[in-house]
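To keep things clear, I will list the structure first and then write my remarks on it.
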Amino acid sequence: MTDAVKKLKDWTAESSRIVFFGGAGVSTESGIPDFRSTDGLYCQQYAYPPETILSHTFYVRNPEEFYRFYRNKMLYLDAGPNAAHRKLAELEAQGKLLAVITQNIDGLHQKAGSKNVLELHGSVLRNHCQKCGAFHGVEAVAGRTGVPRCQCGGVIKPDVVLYEEGLDQDVLSRSVGAIRQADMLIIGGTSLTVYPAAGLVQYYRGNKLVVINKSSLAGTDADLTINEPIGEVMAQL
């Protein structure tokens, strides 16, 4: 165990209001690609850039292509929680962790057992009919071809935040509230480049700001930085 990980373990032991803020890097150890890594989704070649396909405008104008891409590149339903997900669920069960704030849409935190998960960008596991509002599970999208439709004939849309769409204000407000209460904030597996989510860090008022990321984050005034895979780090706590 390195000195940095030992310090993190000590801080975790003495903290009682931990908040975890994570991104795509949390799920890479579960086999889900990181959008912005050198071998990630955003560095592959498609007929349209992924940012374009995952925009609200493209979804409305070209739904067939949107859903083809969405099924191929956004759904990893066989993925399971890794050591980071499991440790966070354990800390919550111990009463030490207030909330998990995630930019991920895979539902792995809940699968690991976490209860208070604030999903800034929604979840692939939730889908709703745009016509009648009926709820549909992920199978309504994953198990079909073309544009998925409800029994009423309406289009079934995933509850994920596309480019050009705003974040859920209730989730955002609850995230701000959790970070303000935190005595330790752990940022893991995120480049902190996607706003407004990345701006949440400014609401932290404590002195245990921890960054766990394989690469360094510019402009983050962390009290402790660990440049190692997050699952490997969390497994040692």
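Within segment 83-102, is there a residue that is in contact with a Gly (Cβ under 6 Å, 6 or more places away or on another chain), assigned to a loop (DSSP other than H, G, I, E, B) and under 19 Å from Gly22 (Cα atoms)? Scanning segment 83-102, I find no residue that is in contact with a Gly (Cβ under 6 Å, 6 or more places away or on another chain), assigned to a loop (DSSP other than H, G, I, E, B) and under 19 Å from Gly22 (Cα atoms), so the answer is no.
Any residue at all in segment 212-235 that's open to solvent by less than 30 Å² (accessible area, probe 1.4 Å), hydrophobic (A, V, I, L, M, F, W, C) and in contact with a Pro (Cβ under 9 Å, 6 or more places away or on another chain)? Scanning segment 212-235 turns up at least one residue that is open to solvent by less than 30 Å² (accessible area, probe 1.4 Å), hydrophobic (A, V, I, L, M, F, W, C) and in contact with a Pro (Cβ under 9 Å, 6 or more places away or on another chain).
For residues in segment 193-205 being open to solvent by 30 Å² or more (accessible area, probe 1.4 Å) and of a type outside the set (Phe, Trp, Tyr), which is farthest from Val26 (Cα to Cα)? Steps first, answer last, please.
If we filter segment 193-205 for residues that are open to solvent by 30 Å² or more (accessible area, probe 1.4 Å), which is where we start, we get 193-196, 202-203, 205.
Filter once more, keeping what is of a type outside the set (Phe, Trp, Tyr): 193-194, 196, 202, 205.
On the way: Thr193: 16, Val194: 16, Pro196: 19, Gln202: 21, Arg205: 24 Å.
Across segment 193-205, the extreme among qualifying residues is Arg205.
Residue-by-condition table, conditions (1) under 17 Å from the mean Cα position of the chain (by Cα); (2) crowded, with 19+ Cβ neighbours inside 10 Å; (3) closer than 15 Å to Gln103 by Cβ:
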{"site": "Gly137", "(1), (2), (3)": "no, no, no"}
{"site": "Asp168", "(1), (2), (3)": "yes, no, yes"}
{"site": "Ile186", "(1), (2), (3)": "yes, yes, yes"}
{"site": "Asn207", "(1), (2), (3)": "no, no, no"}
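Can you go through Tyr42, Tyr46 and tell me which one is open to solvent by 30 Å² or more (accessible area, probe 1.4 Å), at pLDDT below 95 and assigned to a loop (DSSP other than H, G, I, E, B)?
Working: Tyr42 fails: assigned to a loop (DSSP other than H, G, I, E, B).
Every option except Tyr46 fails the conditions.
For Ala84, are the conditions met, namely being open to solvent by less than 10 Å² (accessible area, probe 1.4 Å), within 20 Å of Val233 (Cβ to Cβ) and among the small types (Gly, Ala, Ser)? Explain how you work it out, then say what you get.
Working: open to solvent by less than 10 Å² (accessible area, probe 1.4 Å): yes; within 20 Å of Val233 (Cβ to Cβ): yes; among the small types (Gly, Ala, Ser): yes.
Criteria met by Ala84.
Looking at this structure, is Val138 out of contact with any strand residue (DSSP E or B) (no Cβ under 8 Å at 6 or more places or on another chain) and at pLDDT 95 or above? So Val138 does not fit the description; no. Within segment 226-237, if we keep just the residues that are among the aliphatic types (A, V, I, L, M) and outside any loop (DSSP other than H, G, I, E, B), the residue that is nearest to the chain's Cα centre (by Cα) turns out to be Ile230.
Can you find even one residue in segment 156-170 that is β-branched (Val, Ile, Thr), more than 22 Å from Leu108 (Cα to Cα) and out of contact with any Pro (no Cβ under 9 Å at 6 or more places or on another chain)? No: segment 156-170 contains no residue that is β-branched (Val, Ile, Thr), more than 22 Å from Leu108 (Cα to Cα) and out of contact with any Pro (no Cβ under 9 Å at 6 or more places or on another chain). For Tyr195, state whether it is of a type in the set (Phe, Trp, Tyr) and modelled with pLDDT of 95 or more. Considered against the rule, which asks whether it is of a type in the set (Phe, Trp, Tyr) and modelled with pLDDT of 95 or more, Tyr195 comes out as no. The number of residues in segment 143-166 being closer than 21 Å to His56 by Cα, exposed (fewer than 15 other Cβ atoms within 10 Å of the Cβ), of a type in the set (Gly, Ala, Ser) and out of contact with any Asp or Glu (no Cβ under 9 Å at 6 or more places or on another chain) comes to 2. Within segment 63-84, being farther than 13 Å from Pro148 by Cα and either free of Cβ contacts under 8 Å to residues at least 60 places away in the same chain or among the basic types (Lys, Arg) (or both) holds for Phe69, Asn72, Lys73, Tyr76, Asp78, Ala79, Gly80, Pro81. For beta carbons closer than 7 Å, sequence separation of 6+ or different chains, a first residue in segment 47-62 that is of a type in the set (D, E, K, R) and a second that is surrounded by fewer than 18 Cβ atoms within 10 Å (Cβ to Cβ), the qualifying pairs are Glu51/Tyr163.
The values are calculated or read from the model by the stated rules, or taken from the named source; none is laboratory data. Predicted model, so just to flag it, every value in this text is computed and none were measured. Heads up, the Cβs are rebuilt from the backbone with ideal geometry, glycines too, and the neighbour counts pull from every protein chain shown. To get the accessible areas, we keep the full protein, side chains included, count just its heavy atoms, and leave off ligands, DNA and RNA. Shrake-Rupley method; radii C 1.70, N 1.55, O 1.52, S 1.80 Å.
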